[in-house]
Amino acid sequence: EYTQLEYLESTGTQYIDTGVVADNTTEAEVDFMDLPGNGALFFTTNGSWGSRNFGIIINNYLRFYMNCDGLTTYTIPSGTNVSGNIKLLTTGIFLNDTQLSIDRGQIPSSTAFTTTYPIVLFGSNMAGTPSAAAKVKIRYFKLWKNHELVRNFIPARRDSNGEIGMYDTVTNTFFTNSGTGNFIAGPVVNLYIPAGQ
């Protein structure tokens, strides 16, 4: 049995392997708080920045990777943190429900592709070597393939031992930290998740 949390916070050494390999039908939505400037919210790559990438990298820009050549950047105003909701959809990229202009590549990709390696949340998977990257609070994370929801991650605490991670309501699976150290738990949400629900 699990208790839902408002957010899950990484200190920069924790990450979660989603088990989902991206292709050109994959879409994502992430809701996050207080990103302090640098890191990967979620990311996977075959090893070349120019091809087979999927995810969001932040380093004074929001850099979106969605297919073999799809990249767009959004300049973060100096001295500000970024919070909110980002959607990577085959119809476009949205930041807090505002569609962003794409300055390179195209969405969806004109070429079928697969990233080979699973998407990592709170970090990146560089050609099969996953690692943590971002110090960030994430409220939820969703992944679709062919418009079918395949992951719906919500922050949760396992009641039996207090372990915290992401509970996927699609597969009814609790995903734990694959990095080092421990995630920081956000406040409890007034919703109880029975086992198997």
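The values are calculated or read from the model by the stated rules, or taken from the named source; none is laboratory data. Owing to the predicted nature of the structure, the values given are computational and were not obtained by experimental measurement. Glycine also receives a Cβ, built like all others from the backbone with ideal geometry; neighbour counts cover every protein chain displayed. Only protein heavy atoms, including side chains, enter the accessible area calculation; ligands, DNA and RNA are left aside. Shrake-Rupley method; radii C 1.70, N 1.55, O 1.52, S 1.80 Å.
Any idea which of 76, 56, 86 is open to solvent by less than 60 Å² (accessible area, probe 1.4 Å), out of contact with any Ser or Thr (no Cβ under 8 Å at 6 or more places or on another chain) and modelled with pLDDT under 80? Testing whether each residue is open to solvent by less than 60 Å² (accessible area, probe 1.4 Å), out of contact with any Ser or Thr (no Cβ under 8 Å at 6 or more places or on another chain) and modelled with pLDDT under 80 leaves just 76. In region 116-137, the residues that are free of Cβ contacts under 8 Å to residues at least 60 places away in the same chain reach residues that are open to solvent by 10 Å² or more (accessible area, probe 1.4 Å) with C-beta atoms within less than 7 angstrom, at least six apart or across chains, in these pairs: 128/117. Residue 22 falls short of the stated requirement of being under 13 Å from residue 134 (Cα atoms) and either of a type outside the set (Val, Ile, Thr) or at pLDDT 85 or above (or both). What residue, among those in region 183-194 that are among the aliphatic types (A, V, I, L, M) and open to solvent by 60 Å² or more (accessible area, probe 1.4 Å), is modelled with the lowest pLDDT? Among those residues, the one meeting the criterion is 191.
Here is a yes/no grid of residues against (1) among the hydroxyl-bearing types (Ser, Thr, Tyr); (2) in a strand (DSSP E or B); (3) under 24 Å from residue 2 (Cα atoms); (4) at pLDDT 90 or above:
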| position | (1), (2), (3), (4) |
| --- | --- |
| 110 | yes, no, no, no |
| 140 | yes, yes, yes, yes |
| 154 | no, yes, yes, yes |
| 181 | no, no, yes, yes |
| 196 | no, no, yes, no |
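Selection over region 1-43 of residues that are within 18 Å of residue 85 (Cβ to Cβ), under 12 Å from the mean Cα position of the chain (by Cα) and open to solvent by 10 Å² or more (accessible area, probe 1.4 Å) gives a count of 4. Here residue 102 meets the list (1) surrounded by fewer than 16 Cβ atoms within 10 Å (Cβ to Cβ); (2) at pLDDT below 85 almost entirely, failing just condition (1). In region 149-156, is there at least one residue being touching a residue at least 40 places away in the same chain (Cβ under 8 Å) and among the charged types (D, E, K, R)? So far as region 149-156 goes, yes, one or more of its residues are touching a residue at least 40 places away in the same chain (Cβ under 8 Å) and among the charged types (D, E, K, R).
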